[in-house]
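This report concerns only the one structure given below.
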Amino acid sequence: MLRNGLIAALCFSSLAVAQNAIVTSAASASGGLAPESLATISGANLAPSTQQARQPWPSTLAGVSVQIADSGAVSRAAPLLMVSPNQPNSARRVIVVDKPDAVQTEVRVGHIGIPRNHPDYMALNLAVRILGGEGSNRLHQVLRTERGLTYGAQANMDTLKDTGDIEAETNTRTDATGEVLRLIVDEFWRLQRERVSENELSSAKAYMTGSFPLTIETPDSIAAQVLNVVFYGLPLEQLQTFRERVNAVTVDDIERVARYYLKPDAVSVVLVGNAAAFAPQLRGIGFGR
């Protein structure tokens, strides 16, 4: 789904055409959008606004101290860094937000991904779902079911117009921070090095195809889907062929995109918690000096 700000940035130049198309499409939502409805909507019916409000990123975090590490070295009094989509991922980076009173550590691990209109979007989306999404979640299996280190873990792929990101997230008790971080990165590596099973891929596909009708069951949800397609410059036919495109992804595709797009040796890590308690653990797993 587009963020509210992106939806607000698009407006109908032909409201009557759009409304008729949305109402007609709603009648066939459970089985896919009606071709005759989609045919009435095109990029000409939806016009982006000329300006979008932009808010500056905060330069400081109130009440916390931020430490940034490049290649495993923790540096104090360093500014927050914004990563450009074109910036090469050449080394791991660790950002520690010290909260001395915290009894748990929030853990985020990720790196730059791909834009929404990328030809490998569907295959990589399924790969990330196998890593930590609905239907097949390796991170939850390892961290929660097998080790009991967290109440839940997940991975997500966000795709925007020009770039995107892949992020794994969880929380754990302070004394398990290093172990959890190591296991998350290990799962990135495992997805690259080991072929996924047909059952894992089938489970991820089943969730995606099974939940898709819920995203087109009301006029406003159909409108949001159409706005997404137009905003990202995708063909409208993608809404009608969603199931076919999901089911066309193979185990070979998952192996290919995992090896090419996942960067376990160049992840950015954010840890929020009692830094004095977990920092020594980072050195033992190669994330600190």
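Odds and ends about this structure:
- Around Arg108: net Lys/Arg minus Asp/Glu count, Cβ-Cβ under 10 Å: -3
- Zone residues, the stretch 249-289, relative to Val103, backbone N less than 19 Å from point 7 Å out along Cα-to-Cβ: 272-278
- Shape call, the stretch 182-289: gyration tensor on alpha carbons, a/c limit 1.5: prolate
- Difference of contour (0.36 nm per residue) and Cα-Cα distance, Ser211 to Thr241: 9.3 nm
- Summed residue charge, Cβ within 14 Å of Glu179's Cβ, Lys/Arg positive, Asp/Glu negative: +1
- At R0 = 35 Å, FRET efficiency that the Cβ-Cβ distance of Ser221 and Thr250 yields, to 0.05: 0.75
- Approximate spin-label separation Arg259-Tyr151, in nm, with each point projected 7 Å along Cα-to-Cβ: 4.0
- Partners for Lys161 among lysines (Cα-Cα distance below 24 Å; same-chain residues under 8 apart left out): Lys263
- Overall form of the stretch 118-239 per C-alpha gyration tensor (a/c, 1.5; a/b vs b/c): prolate
- Trypsin sites (Lys or Arg not before Pro) within the stretch 153-214, DSSP loop, no more than 16 other Cβ atoms inside 10 Å: Lys161, Arg195
- Local net charge near Met157, Cβ-Cβ under 9 Å (Lys/Arg +1, Asp/Glu -1): -2
All of the numbers you see were taken from the coordinates with simple rules; none came from a lab. Here the structure is a predicted model, which is why all the values come from computation and not from measurement. Every residue, glycine among them, receives a Cβ derived from its backbone with ideal geometry; neighbour counts consider all protein chains shown.
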